[in-house]
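Please treat every number below as a calculation from the coordinates, not as lab data. Note that the structure is predicted; figures quoted are calculated from it, not measured. Every residue, glycine among them, receives a Cβ derived from its backbone with ideal geometry; neighbour counts consider all protein chains shown.
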Amino acid sequence: MIEGRGTGLTADPWATLRGLTHARIGLGRTGDALAGREVRALQAAHAAARRAVHATLDPARLALGEPFIEVKSRAPDRGVFVRRPDLGRRLRAQDATRLPHAPCDVVFVIADGLSALAAARQAPGVLEAVRVALPEWTIGPVIVAHNARVALGDEIGALIGARCVVMMIGERPGLSAADSLSLYLTWGPRIGRMDSERNCLSNIHAHGGMNHDEAAFRLAGLLRGARALGRSGVALKDDSMSARLPPATP
């Protein structure tokens, strides 16, 4: 804070920049320490992030309005899941054997990841919107996955016989949003796919992030592109913004 010259008022030189970012910049101070309100805000954000990581996903709260199949990874609980990412990438044996073989264009997996809160708040809305955007696609049964990492979708998609899998998974919480969702698209899912063979849309949340309709629009564009190309990943680009531009005038 600085004192405005000749006005007797105070002005905040950081106000404009602070309005453009969620980063903690230009924090207020009391003497040589951060102001109490800044410390309390940081503590609250940190507590929200910790709660998101350790929360469990309640399928009933998704209100999907349609049947779904519930599966779990090989991580038996949240503690093991956080410490052993490898176990979160494979289905437990009993779930791998009971998934139906139901060939389809795409299967959607709602996964807790590192924020079950994000999956509960964002995934149903995105799923509803993308269904509307893809009327010509055959969509497999909705899968709800617990203690799941991104690569778990590869095994699920392969077992079902889907041409593509979309993991709708909670992101690692930050200190500005603990309920942010990511969408990972993998064409031709199978165990062993690399991250370079996927496409990702991230920061889907209500705190200045991508909204559900925008996420669905961009995901539908990527899905159509993957089908035309026959693959996903580094070869597939998100051209949704250019598709919205008006045609150039001669």
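How large is ³J(HN,Hα), in whole Hz, for each residue of the range 155-160 in order, when computed from phi with the Karplus curve 6.51 cos²θ - 1.76 cosθ + 1.60 and θ = phi - 60°, using x for Gly and Pro?
Karplus-based 3J(HN,Hα) across the range 155-160 equals 5, 4, x, 5, 5, 6 Hz.
Compute the helix-to-body angle for 36-54: its Cα long axis versus the longest principal axis of the chain, expressed 0 to 90° and rounded to tens.
Between helix and principal axis, roughly 10 degrees.
Which residue fluctuates most in the GNM of the chain (Cα springs below 10 Å): 119, 15, 151?
15
In Å, what is the Rg of the alpha-carbon atoms in the range 123-215, and how long is Dmax?
13.4, 40
Any number yet on Rg/Rh for the chain, C-alpha, Kirkwood? Kindly include the intermediate steps, with their values, before the conclusion.
Numbers: Rg = 21.4 Å, Rh = 19.9 Å.
Ratio of gyration radius to Kirkwood radius for the chain: 1.08.
Who wins for biggest fluctuation among 190, 92, 37 in a Gaussian network model of the chain, springs between alpha carbons below 10 Å?
Most flexible of the set in this elastic network: 37.
Taking θ = phi - 60°, what integer Hz values does the Karplus form 6.51 cos²θ - 1.76 cosθ + 1.60 yield along the range 125-138, in sequence order, with x for Gly and Pro?
x, 5, 4, 4, 5, 6, 4, 5, 6, 10, x, 8, 8, 8
Across the range 209-224, in residue order, what do the Karplus-derived ³J(HN,Hα) couplings come to in whole Hz, using 6.51 cos²θ - 1.76 cosθ + 1.60 with θ = phi - 60° and x for Gly and Pro?
x, 6, 7, 5, 5, 5, 4, 5, 4, 6, 5, 4, x, 5, 5, 5
Can you tell me the relative contact order of the chain? Whole percent, Cα pairs under 8 Å, sequence separation 6 or more. Intermediate values should be presented prior to the final figure.
Numbers: 471 pairs, mean separation 43.9, N = 250.
RCO, the chain: 18 percent.
Taking K and R as +1 and D and E as -1, what net charge do the other residues with C-beta under 12 Å from the C-beta of residue 91 add up to? It would help to have the intermediate numbers written out before the result.
Numbers: positive: 72, 74, 89, 90, 92, 98, 149; negative: 70, 95, 154, 155.
Net local charge, residue 91 excluded: +3.
For the range 91-125 and the range 199-221, what is the centre-to-centre distance using only Cα atoms, to the nearest Å?
Between the Cα centre of the range 91-125 and that of the range 199-221, the gap is 18 Å.
Net charge around residue 115, counting only other residues with Cβ within less than 15 Å of its Cβ (Lys, Arg = +1; Asp, Glu = -1)?
Values: positive: 50, 51, 61, 78, 121, 149, 172; negative: 58, 112, 171, 179.
That works out to +3.
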